[in-house]
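Here is the structure we will look at, set down as structure tokens.
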Amino acid sequence: MILQIIVNGLTMGCVYALIALGYSMVYGSLRFINFAHGDVYMWGACFGLIFARMGNIPFLAALILTMICTGLLGVTVEFLAYRRLRNVPRVVVTASALGASIVLSNLARVIVGAETYSVPAFFETKYFTVGNLVLNSLQFVLLGCSIVLMLVLNWFISKSKYGKAIRATSENQEVTNLMGINTNKIISVTFFIGSALAGAAGLLVGIYYDAVYSTMGYMAGMKAFTAAILGGIGSIPGAMLGSMILGQIESFGTTYISSSMGPAIAFAVLIIVLLVKPTGFFGAGDTHSNRV
Amino acid sequence: MLLEINHVTKSFGGVVATNDVSVSVPEGKILSIIGPNGAGKTTLFNLITGAYMRTSGTITFNGVKIDTMKPYEIHALGVARTFQNIRLFKRMTVLENVMTGMHSRIKARDIESFIPGRSQKIEAEITEKSMEALKIVGLDGKYAEYGAALPYGQQRRLEIARALVSDPKLLLLDEPAAGMNINESAELLELIRWINAELKKTVIFIEHNMKVVMNVSDYIVVLDHGSKIAEGIPKEIRNNPVVIEAYLGTKKEGGNADA
């Protein structure tokens, strides 16, 4: 029983992590909460639905295509809604993000539809029992994809040239620019990666719950945003850890306290943690500086 | 002329930080900019590197008009700098700090850095160049440490390595000896000379220590309240009554004017 709860929590934790990474990375470089991010996740589910309906696209191809589509969507949102707002108070950019969020979810309602749609299966679902533990192939796919994506991200951020540029940009944009790096381009890369990961999460969740709807980005986005804060916003390992913890709290809360109280319990725990440690687990406070 | 600053003015609202300044820097020389605090020395660096946009005037580097360019575009032409208040990336190692200076110098397609195998080759090339730059400033043994954990003098040297790694034509050093003891600043002096003589870099530096300035400069520009009040070879500056009054106070000989 306990093991089953942990595995369920882990599954949701992985989904939150894929979304939370985007919140955290964008906050790292631009210091605002991109509220349109949850809707990019929803669009990931919509693209997944569109590819699934085509019927002849293998799962892996659909995943990669979805990630590219949502990645480009994120880059477009940044270009249209945020780029010209670099030197204004952050609250203005946040308002722009809320606007972008509404535009994206409205667009989905017009293009995809206002109902909840079932996703045609990419593959047959098999069930496995290990002792008392019941797992299905969807869970394996979700866990496997999330873990691989997070490992790749970790490699990319710590080892690659662009990963270093992303870290430099998140510490000091002005200085990074003076070191010869076009920070606008780096911010586009950041948005592409964050949005591609959220898109992957959307597709995986759409398949997992067999449900896609235009408002699904709201709650998932809120929870992932919370997880990012819990881990210490701006920190990549923080976003991962915060999401795993949130997934477990929600899973245990849903089982032992009330199935309809899952989110409430998760957010209550968040408030308690933040009262004790306001910067989250890995947050060092705001050391950001944009001055020369 | 490698760098030509022509009647450049920069005002912030009503405050004129740089007032109609013209400076010509020939290739291969060491030029120093001196002046009391608030004279507009760092502002001039910010104007050259594109951190600030001039209000009027023109700046030409190597025949290219750079006064409306973005910082990364100016860097690409071969202008690199250090900062008066050290601006290292605190959450990066010594080596990674230097590697950021090489980012734009690797001629590879962007997509290649996303492919694991190709990325490693690019990384190896950047690492090699960065280690060379660290060796020049004597920090190659500390590559794995965090930049912010180094002693102050070494942080300044690390900033020089980060600027040097991009192989710039012009190196701008903003108070490179600030906070250093006598030994450290003597070593730094040697380093600047060596960079100029062996690596053939043109150097402009801002400095308060008159001993360093007089020893190392081919040419000196004196700023006060945003305006250029004098320029010339060290001997001329040392004996220029306007400079002595504005900057050196009552001292006749060029002692330490830091006080």
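Derivation of every value follows stated rules applied to the coordinates shown; laboratory data play no part. Since this is a predicted model, take the numbers as computed values, not measurements. Quick reminder, even Gly has a Cβ in these numbers, built from the backbone with ideal geometry, and neighbours come from all protein chains shown.
Numbers at a glance
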{"read-out": "Normalised contact order of the range A:80-146, rounded percent, pairs of Cα under 8 Å and 6 or more residues apart", "value": "15 percent"}
{"read-out": "Exposure proxy ranking, count of Cβ atoms within 10 Å, fewest first, for A:L10, A:L21", "value": "A:L10, A:L21"}
{"read-out": "Environment charge of A:V93, counting only residues whose C-beta is closer than 12 Å and scoring Lys/Arg +1, Asp/Glu -1", "value": "+4"}
{"read-out": "For residues of B:115-127, the mean tally of beta carbons on other chains within 10 Å", "value": "2"}
{"read-out": "Expected 222 nm ellipticity per residue - DSSP helices of 4 or more, -39500 (n - 2.57), all of the protein assembly as shown, to 500", "value": "-17500 deg cm²/dmol"}
{"read-out": "Cα centroid separation - the range A:242-272 against the range A:90-150, whole Å", "value": "19 Å"}
{"read-out": "Rounded FRET efficiency, nearest 0.05, which uses the C-beta distance separating B:A197 from A:V276 and R0 of 51 Å", "value": "0.30"}
{"read-out": "Rough spin-label spacing in nm, given labels placed 7 Å along Cα→Cβ, for A:L98 and A:N56", "value": "4.7 nm"}
{"read-out": "Charge context of A:L49, other residues only, Cβ under 14 angstrom, K/R +1, D/E -1", "value": "0"}
{"read-out": "Contact order relative to length of chain A, as percent, for alpha carbon pairs under 8 angstrom and 6 or more apart", "value": "37 percent"}
{"read-out": "B:L77/A:A211 FRET efficiency (R0 60 Å; Cβ-Cβ; nearest 0.05)", "value": "0.65"}
{"read-out": "Loop-exposed trypsin sites (Lys or Arg not before Pro) per DSSP, neighbour cap 12 Cβ within 10 angstrom, longest uninterrupted part of chain A", "value": "A:127-290"}
{"read-out": "Per-residue average of Cβ from other chains inside 10 Å of A:180-193", "value": "3"}
{"read-out": "Local net charge near B:G141, Cβ-Cβ under 13 Å (Lys/Arg +1, Asp/Glu -1)", "value": "+1"}
{"read-out": "Cα-based convex hull volume of the range A:209-254 per residue, rounded to whole Å³", "value": "86 Å³"}
{"read-out": "Span-rule helices in chain A, defined as complete DSSP H runs reaching 18 Å or more along the axis (Cα) with Kyte mean at least 1.6", "value": "A:59-77, A:137-159, A:262-276"}
{"read-out": "Residue range of chain B that is longest and free of GluC sites (Glu not before Pro) which are both DSSP loop and sparsely packed (at most 13 other C-beta within 10 Å)", "value": "B:28-252"}
